């Protein structure tokens, strides 16, 4: 199995299992993970759940391309990106990024880079479902554009 | 239980369980973890294991102080630091830092800050045990001093 | 020539369709957008100047000058909001 | 006055002891170090000028000017290498 994996799935993921898997590489002294969760304060205060849509086919390509960019910048020994789609209730995990490097600075930088680029270059869209049952598409955040821009 | 915990222990830790515990806070949309492992290239190429010594009493104080400094800088909702002591074979996890914040930028920055300061301010010392059975104390790295210096 | 058009998220809802087969003479993304805006209604509004949207050609992000070829899969969607 | 001295890691090995009760008139960390260096041998070597080590007083990092009081726990150790 390649040390670089991406997955788009509706089911939950196991962050600990992914960290353990990437920790088995004897060259990796540093493993960093990021877990993103459905919060109760997106564009609105009364969010009950999210509905995640994506562009099948392009999504996987985009995630592999983002990992490729990270590998050009850092000594990245292994990386995993898992992104969930479909209906996700409040508190559910949405996204997991795990990076494994020889040195902690690289592992931190690569994980943050992967998240910043995923947020601007991977074709996922969030719809917020409110407690009254109404729903709306989330607008892209300027802060996410700024976060990916700082790597250029 | 306080959302800010430190532990100095000889046994293994469960990174996934700590991430899951910090993910239960509904205000936290972002959880970052760092796992540090015994590598096969410390000061020498033929390292078989580490022996970790610490200063009981001061260690826990120092780790809580480091968390306190992080809380002054970022909106840190919860944090865990677990550091192992005693004999640790190649590939074993040594240290775990987990941070939970509303925003990913804060969670990444706080986790990296905790690691950088732990490496320079928490009284732990590594002894490398080589494959031939000989052992020596690891020298402090200039790069670790530089890493903590950049936060000032 | 024929393009396989796909739409996502808010644009899919506005246009009332998620995909269509489009017979066109447009040779670039910019020309294709001119043609789609001429449909009026939500097409003119959503793809109007000053509106922010993205175009992908064969599942890679494309710019106004990107060339189009027969059989291309062309996607139009809002800025992404995953993660 | 009396200090409870503790030593760690390489310094513990060099000094051949991990702790001792020390009767002293030193009122600061700097004065204490002068006194310890006068023991000669590994004390003079390890605590010599140009050597890097840390001093903690009552489990908080201390500097040369830190005052010492009867009953203080004073630790001397190499730069830390955990994590």
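The values are calculated or read from the model by the stated rules, or taken from the named source; none is laboratory data. Model, not experiment: these values are computed from the prediction. Neighbour counts are summed over all protein chains in view; Cβ atoms, including those assigned to glycine, are modelled from backbone coordinates with ideal geometry.
Condition first: within 14 Å of another protein chain (Cβ to nearest Cβ) and over 25 Å from residue A:94 (Cα atoms). Can you find one or more residues in the range C:25-35 that meet it?
Residues of the range C:25-35 within 14 Å of another protein chain (Cβ to nearest Cβ): none.
No, the range C:25-35 contains no residue that is within 14 Å of another protein chain (Cβ to nearest Cβ) and over 25 Å from residue A:94 (Cα atoms).
For the range A:83-107, enumerate the residues that are within 14 Å of chain C (Cβ to nearest Cβ) and at positive phi.
Listed by number, the list holds a single entry, A:86.
Considering only residues that are free of Cβ contacts under 8 Å to residues at least 24 places away in the same chain and farther than 16 Å from residue A:91 by Cβ, which ones fall in the range A:45-64?
So in the range A:45-64, the residues free of Cβ contacts under 8 Å to residues at least 24 places away in the same chain come out as A:45, A:57, A:61.
Answer for the range A:45-64, where residues must be free of Cβ contacts under 8 Å to residues at least 24 places away in the same chain and farther than 16 Å from residue A:91 by Cβ: A:57, A:61.
Given the condition surrounded by 20 or more Cβ atoms within 10 Å (Cβ to Cβ), in contact with a helix residue (DSSP H, G or I) (Cβ under 9 Å, 6 or more places away or on another chain) and either within 14 Å of chain B (Cβ to nearest Cβ) or farther than 19 Å from residue A:114 by Cβ (or both), answer yes or no: does some residue in the range A:3-15 qualify?
yes
Of the residues in the range D:40-63, how many are within 14 Å of another protein chain (Cβ to nearest Cβ) and free of Cβ contacts under 8 Å to residues at least 24 places away in the same chain?
Residues flagged as within 14 Å of another protein chain (Cβ to nearest Cβ) and free of Cβ contacts under 8 Å to residues at least 24 places away in the same chain within the range D:40-63 amount to 6.
Considering only the range A:1-11, how many residues are over 11 Å from residue A:96 (Cα atoms) and either in contact (Cβ under 8 Å) with a residue 60 or more places away in the chain or not in a loop (DSSP other than H, G, I, E, B) (or both)?
Number satisfying all stated conditions: 6.
If residue A:20 passes every condition in (1) more than 10 Å from every other protein chain (Cβ to nearest Cβ); (2) over 18 Å from residue B:28 (Cα atoms); (3) surrounded by fewer than 24 Cβ atoms within 10 Å (Cβ to Cβ) but one, which one does it miss?
(1)
Can you confirm whether residue A:140 is at the interface with another protein chain (Cβ under 7 Å from one of its Cβ atoms), surrounded by 14 or more Cβ atoms within 10 Å (Cβ to Cβ) and not in a helix (DSSP H, G or I)?
Yes.
Would you be able to say whether some residue in the range B:110-127 is more than 20 Å from residue D:12 (Cβ to Cβ) and away from chain D (no Cβ under 13 Å)?
Scanning the range B:110-127 turns up at least one residue that is more than 20 Å from residue D:12 (Cβ to Cβ) and away from chain D (no Cβ under 13 Å).
If you check every pair at least six apart or on different chains, which have Cβ atoms under 7 Å apart with a residue in the range B:138-152 that is farther than 25 Å from residue B:51 by Cα first and a residue that is surrounded by 14 or more Cβ atoms within 10 Å (Cβ to Cβ) second?
B:151/B:113; B:151/B:116
Take residues that are touching a helix residue (DSSP H, G or I) at 6+ places or on another chain (Cβ under 8 Å) and buried (at least 16 other Cβ atoms within 10 Å of the Cβ) and tell me which of the helices (runs of 4 or more DSSP H) falling wholly in the range C:1-61 contain 3 or more. Full working, then the answer.
Values: elements: C:9-15, C:29-37, C:41-46.
In the range C:1-61, C:9-15 are the helices (runs of 4 or more DSSP H) which contain 3 or more residues that are touching a helix residue (DSSP H, G or I) at 6+ places or on another chain (Cβ under 8 Å) and buried (at least 16 other Cβ atoms within 10 Å of the Cβ).
Quick one: residue A:14 ticks every box in (1) over 17 Å from residue C:81 (Cα atoms); (2) in contact (Cβ under 8 Å) with a residue 40 or more places away in the chain bar one, so which box is it?
Tallying (1) over 17 Å from residue C:81 (Cα atoms); (2) in contact (Cβ under 8 Å) with a residue 40 or more places away in the chain, residue A:14 fails exactly one: (2).
Assess whether residue B:135 counts as being more than 8 Å from chain D (Cβ to nearest Cβ), surrounded by fewer than 18 Cβ atoms within 10 Å (Cβ to Cβ) and free of Cβ contacts under 8 Å to residues at least 12 places away in the same chain.
Working: more than 8 Å from chain D (Cβ to nearest Cβ): yes; surrounded by fewer than 18 Cβ atoms within 10 Å (Cβ to Cβ): yes; free of Cβ contacts under 8 Å to residues at least 12 places away in the same chain: no.
The answer is no for residue B:135.
Looking at (1) more than 11 Å from the chain's Cα centre (by Cα); (2) crowded, with 18+ Cβ neighbours inside 10 Å; (3) in a helix (DSSP H, G or I), can you tell me which one residue B:146 breaks?
(2)
For the range A:24-38, does any single residue satisfy the condition of being surrounded by 18 or more Cβ atoms within 10 Å (Cβ to Cβ), within 15 Å of the chain's Cα centre (by Cα) and part of a loop (DSSP other than H, G, I, E, B)? Outline the logic, then answer.
First, pick out the residues of the range A:24-38 that are surrounded by 18 or more Cβ atoms within 10 Å (Cβ to Cβ): A:28-38.
With the extra rule that they be within 15 Å of the chain's Cα centre (by Cα), the set shrinks to A:32-38.
Within this subset, residues satisfying the condition of being part of a loop (DSSP other than H, G, I, E, B) are A:38.
The answer is yes; a qualifying residue exists.
Looking only at the range D:64-83, count every residue that is within 14 Å of chain B (Cβ to nearest Cβ) and either within 13 Å of residue D:11 (Cβ to Cβ) or in a loop (DSSP other than H, G, I, E, B) (or both) and tell me the total. Lay out the reasoning, then the answer.
Of the residues in the range D:64-83, the ones within 14 Å of chain B (Cβ to nearest Cβ) are D:72-83.
Those still in the list that are either within 13 Å of residue D:11 (Cβ to Cβ) or in a loop (DSSP other than H, G, I, E, B) (or both) too: D:72, D:74-83.
Count: 11.
Only residues in the range D:27-39 that are farther than 19 Å from residue D:61 by Cα count as the first member; pair them with residues that are surrounded by 15 or more Cβ atoms within 10 Å (Cβ to Cβ) and modelled with pLDDT of 95 or more, Cβ under 7 angstrom, at least 6 apart or cross-chain, and list the lot.
D:35/D:24; D:35/D:26; D:37/D:43; D:37/D:47
What do you reckon, is residue B:67 within 27 Å of residue B:2 (Cα to Cα) and free of Cβ contacts under 8 Å to residues at least 60 places away in the same chain?
On the way: within 27 Å of residue B:2 (Cα to Cα): yes; free of Cβ contacts under 8 Å to residues at least 60 places away in the same chain: no.
Answer is no for this residue.
Let's see how each residue does on (1) within 11 Å of chain C (Cβ to nearest Cβ); (2) assigned to a helix (DSSP H, G or I); (3) surrounded by fewer than 16 Cβ atoms within 10 Å (Cβ to Cβ); (4) at pLDDT 95 or above:
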| residue | (1), (2), (3), (4) |
| --- | --- |
| A:43 | yes, no, yes, no |
| A:49 | no, no, no, no |
| A:59 | yes, yes, no, yes |
| A:68 | no, yes, yes, yes |
| A:71 | no, yes, yes, yes |
| A:78 | no, no, no, yes |
| A:81 | yes, no, no, yes |
